[in-house]
Amino acid sequence: MQMRDAVGSHRFFPRAAVLVALLAGIGSGGGQTRVQAEIRAAPNCAPITIDIGHTPEKPGATSARGAPEHAFNRRFAIELRQALAEQTRYRVELAYGGRQDLDVHRRAKIIEGLTSGVLLSIHHDSVQPKYLQSWDHDGGKQRYSDRFSGFSLFVSGLAPAFIESAALGQTIGQQLVDAGFAPSLHHAEPIPGERRPLINAGIGLYRYDALAVLRYARVPAVLIELGIIVNRRDEERLGDAAYRKRLQGAIVAAMRRFCATDSARRE
């Protein structure tokens, strides 16, 4: 993900489907806000909408081996759609009918129109330019950084469904950690381009209010950074089908947990 996919009104989500205890203030562990979420009743989880981050024309980050982020996003999203459809029995859709030619503002407008279900926005991560180094790969120069590794999760505090989104992020993050994946905390660094408030450091859940596809979502919405593709080892792992299947299995388990109530309509 590249941070330019952010836009510059706070609206309140009236439905009290989730209880979230917000412990406000600055903690002693690096200045983070802690949120503990307890799901009381899941929302209507149909459909599960999957947003493929970026477009072929504006593909986002570039991996350590020169591959565009969008290609990673598309591959993972298609695989996740199949896994969710097979293992949850919820209707699963690619956002925008699978169109890949819409800019971020048009995508955000379509997302705003969703009135039921949940949204998962699929991305792969990078780092700030100060950390990038050059290396020779396949006859050319590429930029990489092995300094940070792991997944990150984002929700928008300005979204109408912030409370439910935070609970969904908690659930996904916990399942990823339980499956053996580690979060990256580099987005909380006190440097230009970062300084994202941590909601829960243990599961890599951040608040990033201005993310376009999240800010106006009226359904629970989480942006998932599956790994840092400028990290050479992370890129190798994310290229491995078995590794991706483990990630997808954790997300499937999280969705089943989040949506598993009598009130959730299955389609």
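Bear in mind that the values in this text are calculations on the coordinates, not laboratory data. Computed from a predicted structure; not experimentally measured. Using ideal geometry, Cβ is built from the backbone for each residue, glycine included, and neighbour counts are taken over all protein chains shown.
Using the beta-carbon distance between Arg89 and Thr115 and R0 = 25 Å, what value does 1/(1 + (r/R0)^6) give for FRET efficiency, to the nearest 0.05? Intermediate values should be presented prior to the final figure.
Numbers: r = 21 Å, r/R0 = 0.83.
For R0 = 25 Å, the calculated efficiency reads 0.75.
By the gyration tensor of its Cα atoms, with a ≥ b ≥ c the square roots of the eigenvalues, what is the shape of the stretch 61-197: rounded for a/c under 1.5, prolate for a/b over b/c, or oblate?
On the way: a/c = 1.66, a/b = 1.42, b/c = 1.16.
Judged from the Cα gyration tensor, the stretch 61-197 comes out prolate (a/c at least 1.5, a/b above b/c).
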Completion exercise
Along the dipole axis of the stretch 44-259 (charges at Cβ: +1 for Lys and Arg, -1 for Asp and Glu; origin at the Cα centre), the most positive-end residue among Leu176, Tyr90, Gly193 is Tyr90
Problem - Hits among lysines - C-alpha to C-alpha of Lys141 under 26 Å, sequence gap 8 or more where chains match - result: Lys58, Lys130
Fill in the blank from the handout: Computed curve, the stretch 113-267, Cα-only Debye sum without solvent term, log₁₀ I(q)/I(0) at 0.09, 0.10 Å⁻¹, is -0.31, -0.38
Handout entry: From phi via Karplus (6.51, -1.76, 1.60), per-residue ³J(HN,Hα) for the stretch 89-101 in Hz, x at Gly/Pro
Key = 6, 7, 5, 10, 10, 7, 4, 6, x, x, 4, 10, 10
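The stretch 174-224: Rg/Rh from Cα coordinates, Kirkwood Rh?
On the way: Rg = 12.1 Å, Rh = 12.2 Å.
When Rh is taken as the Kirkwood radius, the ratio is 1.00.
Of the listed peptides 224-231, 54-61, what is their order by residue-averaged count of other C-beta atoms within 10 Å, with the highest listed first?
Numbers: 224-231: 26.8, 54-61: 17.8.
The densest-packed peptide leads the list: 224-231, 54-61.
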